[in-house]
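Notes follow once the structure below has been shown.
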Amino acid sequence: MKQSFEEFEMLEKIVARLEPYADIEIVANSVKKNASFPLYVIRMGSKRKSAPTIGFFGGVHGLERIGTKVLLSYLGAIAELMPWDKMLHSILRHMQFVFMPLVNPIGMLEQKRSNQNDVDIMRNAPIDSDIVRWYHIWGGHRVSKYLPWYRGRKGAPMEVESQALCDVVQKYLFPSTTSISLDIHSGFGSQDQLWFPYAYTREPFKFIAQAYQLKSMLDKAYPFHVYRFEPQSVRYQTHGDLWDYLSLEQEKEYPRHFFMPMTLELGSWAWLKKSPKHIFSLMGMFNPMKEHRKHRTFRRHLVLFDFLTRAVVSHQKWVDLPSHKVSDVREKAISYWNLQP
Ligand SMILES: [Zn+2]
């Protein structure tokens, strides 16, 4: 019997609805014994390689189903807007959308964080942290695949899913002069958090000045937004983060382009406070369980998606800053986030 699960079926339905408006690609397949799932990438908008680009990623950790669901709900709205919304079409003339809503389908099928080979995709890149201690097992380890946060064997090629995500970013985001990615996770903290690199070091991100500018723009435009916006290393340090790895690769391949990977970490502890008995359910630790809370989560981040899309199209205002301004803002940012200069 063909194995399947709710999110994958929803994804295939959305793909069919978007077919007339989008380029749909299967970039790899996740395979285990008798289960095989295509990894879908959906692209819409400008065909210019250099066009500003925003990439949305979800379902990297199989337990964190809500990230995939939030993206599917957003794609569902886009599919409904496409036939009539002139504003959406006019913005898409200037930029490109890239969606990879389900990176680790077999992890989701099997209700586990890692992939079919028990590797944690977000610890799988060939990059070592200078701040993760040996006992910080959640930061990634090579002790045993039977423990969570396993990085994979040293020197082994990246897992199919990790490689596919990197290929998509390298192919569609790197050639763009200005790109942002947003990777949605859940399960850490009680507040919704927006992280930018790095996770492996406390040194400031190459584009920390622009990250600070973007935060100020968000604070001014939406003073009541719900996010804590900071470098990931302030909260959570890891080995093998794909986004750290991609940031460093981008710098080598396209040093003049701007690429800011962001992670949206949905604060699942707030859902647990409201329904404490869900702490005893594996799904409840990482996902809202009540229907109304799921719906609220689908709505809650639309303003952010819209804001990031506008920001990427209007990059001249905050990315392409004069060099004296960059050093001023960089200093401010380093002291604001208390990093090592
Ligand atoms: Zn995660």
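The values are calculated or read from the model by the stated rules, or taken from the named source; none is laboratory data. Predicted model only: the values in this text are computed from it and were never measured. Here the Cβ is made from the backbone with ideal geometry for all residues, glycine too, and neighbour counts use every protein chain on show. Heavy atoms of the whole protein, side chains included, go into the accessibility calculation; ligands, DNA and RNA do not. Shrake-Rupley method; radii C 1.70, N 1.55, O 1.52, S 1.80 Å.
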What is the residue count in region 245-263 for residues that are within 16 Å of the ligand (Cβ to nearest atom) and either part of a loop (DSSP other than H, G, I, E, B) or within 20 Å of H315 (Cβ to Cβ) (or both)? 2
For region 149-172, check the following and say yes or no: at least one residue is within 20 Å of the chain's Cα centre (by Cα), over 14 Å from Y245 (Cβ atoms) and assigned to a loop (DSSP other than H, G, I, E, B). yes
Residue check, L81 within 13 Å of the ligand (Cβ to nearest atom) and open to solvent by 10 Å² or more (accessible area, probe 1.4 Å): no
Within region 257-268, the residues that are surrounded by fewer than 22 Cβ atoms within 10 Å (Cβ to Cβ) and modelled with pLDDT under 95 are G267
Would you say F56 is within 16 Å of the ligand (Cβ to nearest atom), open to solvent by less than 10 Å² (accessible area, probe 1.4 Å) and either in contact with a strand residue (DSSP E or B) (Cβ under 8 Å, 6 or more places away or on another chain) or of a type outside the set (A, V, I, L, M, F, W, C) (or both)? yes
Test result for G62, within 16 Å of the ligand (Cβ to nearest atom), in contact with a strand residue (DSSP E or B) (Cβ under 9 Å, 6 or more places away or on another chain), at negative phi and open to solvent by less than 40 Å² (accessible area, probe 1.4 Å): no
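So that you can scan it fast, the table gives a plain yes or no per residue for (1) modelled with pLDDT under 95; (2) surrounded by 15 or more Cβ atoms within 10 Å (Cβ to Cβ):
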{"position": "D130", "(1), (2)": "yes, no"}
{"position": "Y135", "(1), (2)": "yes, no"}
{"position": "P148", "(1), (2)": "yes, yes"}
{"position": "R151", "(1), (2)": "no, yes"}
{"position": "T178", "(1), (2)": "no, yes"}
{"position": "W195", "(1), (2)": "no, yes"}
{"position": "F207", "(1), (2)": "no, yes"}
{"position": "Q210", "(1), (2)": "no, yes"}
{"position": "L214", "(1), (2)": "no, yes"}
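Residues in region 10-59 that are of a type in the set (G, A, S) and more than 23 Å from Q316 (Cα to Cα): how many? I'd like the intermediate steps shown before the answer.
Step one: of region 10-59, the residues of a type in the set (G, A, S) are 16, 22, 28, 30, 35-36, 45-46, 50-51, 55, 58-59.
Remaining after also requiring more than 23 Å from Q316 (Cα to Cα): 16, 22, 28, 30, 35-36, 58-59.
The qualifying residues number 8.
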Would you point out which residue out of V70, V103, V119, V98 is closer than 27 Å to F174 by Cα and away from the ligand (no atom under 14 Å from the Cβ)? V98
Read through the list (1) more than 16 Å from the ligand (Cβ to nearest atom); (2) open to solvent by 30 Å² or more (accessible area, probe 1.4 Å), then give the number of the only condition that C166 fails. (2)
Of the residues in region 299-326 that are modelled with pLDDT under 95 and either in contact with a Lys or Arg (Cβ under 7 Å, 6 or more places away or on another chain) or among the basic types (K, R) (or both), the one that is least open to solvent (accessible area, probe 1.4 Å) is K325
Could you give every pair whose Cβ atoms fall below 6 Å, whose first residue belongs to region 203-230 and is free of Cβ contacts under 8 Å to residues at least 40 places away in the same chain, and whose second residue is open to solvent by 20 Å² or more (accessible area, probe 1.4 Å) and not in a helix (DSSP H, G or I), counting only separations of at least 6 or pairs across chains? R228/Q191
Only one of (1) open to solvent by less than 10 Å² (accessible area, probe 1.4 Å); (2) modelled with pLDDT of 95 or more; (3) assigned to a helix (DSSP H, G or I); (4) more than 16 Å from the ligand (Cβ to nearest atom) is not met by S233, so which one is it? (2)
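Among the residues in region 12-20, are any away from the ligand (no atom under 16 Å from the Cβ), assigned to a strand (DSSP E or B) and either over 30 Å from W269 (Cα atoms) or open to solvent by 50 Å² or more (accessible area, probe 1.4 Å) (or both)? Break it down stepwise before answering.
As a first pass, look at region 12-20 and keep what is away from the ligand (no atom under 16 Å from the Cβ): 12-20.
Now drop any that are not assigned to a strand (DSSP E or B), which leaves none.
No: region 12-20 contains no residue that is away from the ligand (no atom under 16 Å from the Cβ), assigned to a strand (DSSP E or B) and either over 30 Å from W269 (Cα atoms) or open to solvent by 50 Å² or more (accessible area, probe 1.4 Å) (or both).
Would you say K273 is open to solvent by 70 Å² or more (accessible area, probe 1.4 Å) and free of Cβ contacts under 8 Å to residues at least 24 places away in the same chain? Quick ask: steps written out before the conclusion?
Details: open to solvent by 70 Å² or more (accessible area, probe 1.4 Å): yes; free of Cβ contacts under 8 Å to residues at least 24 places away in the same chain: no.
So K273 fails the test.
Within 16 Å of the ligand (Cβ to nearest atom) and either closer than 19 Å to R330 by Cα or at pLDDT 95 or above (or both): is that true of H185 in this structure?
Yes; evaluated as a whole, the condition is true for this residue.
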